[in-house]
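To start, the structure itself, in structure tokens.
The values are calculated or read from the model by the stated rules, or taken from the named source; none is laboratory data. The shown structure was predicted, so the numbers you read here are calculated from the model rather than taken from an experiment. Every residue, glycine as well, gets a Cβ built from its backbone with ideal geometry; the counts of neighbours run over all protein chains shown. The accessibility values were calculated without ligands, DNA or RNA, using every heavy atom of the protein model including side chains. Shrake-Rupley method; radii C 1.70, N 1.55, O 1.52, S 1.80 Å.
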Amino acid sequence: QVQLVESGGGLVRAGGSLRLSCAASGSIFRRSTMGWYRQAPGKQRELVATIASGGNTNYADSVKGRFTISRDNVKNTVYLQMGSLKPEDTAVYYCNANLPLVAYWGQGTQVTVSS
């Protein structure tokens, strides 16, 4: 059984920072492309950032230069450092572990940015 447990969400003022963490159980972490997605009320879930097993990263244009994704293959944890936060970053953020034939999702953590 694979579990992804997110933490680090909360309420922050515009311009502030937060760091999200996602701890993965099971043996899949090192082989997985890990990612963060988000879903705002009334909107579809969208990609925020991904990091491959080898370390290559990919970001949505809306967060480039403000967010940084990283992974610790010893702790089986992926992080999302978020800076210069904007009200439009408000959403539930989901951790994702992606393998060729299967994907796993965390339960989500709320990030709210006040103006």
Qualifying residue in segment 53-62 (condition: out of contact with any helix residue (DSSP H, G or I) (no Cβ under 7 Å at 6 or more places or on another chain) and under 20 Å from V2 (Cβ atoms)): no
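Residue-wise test of (1) among the β-branched types (V, I, T); (2) touching a Gly at 6+ places or on another chain (Cβ under 6 Å).
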{"site": "G8", "(1), (2)": "no, no"}
{"site": "V12", "(1), (2)": "yes, no"}
{"site": "S17", "(1), (2)": "no, yes"}
{"site": "G26", "(1), (2)": "no, no"}
{"site": "S32", "(1), (2)": "no, no"}
{"site": "W36", "(1), (2)": "no, no"}
Condition met for A60 (aliphatic (A, V, I, L, M) and open to solvent by 40 Å² or more (accessible area, probe 1.4 Å)): no
The one condition in (1) in contact (Cβ under 8 Å) with a residue 24 or more places away in the chain; (2) open to solvent by 20 Å² or more (accessible area, probe 1.4 Å); (3) hydrophobic (A, V, I, L, M, F, W, C) that L47 fails to fulfil: (1)
Enumeration of residues in segment 67-113 that are open to solvent by less than 40 Å² (accessible area, probe 1.4 Å) and closer than 12 Å to G16 by Cβ: M82, G83, L85, D89, V111, V113
Residue check, L85 more than 13 Å from the chain's Cα centre (by Cα) and either under 13 Å from Y37 (Cβ atoms) or in contact (Cβ under 8 Å) with a residue 60 or more places away in the chain (or both): yes
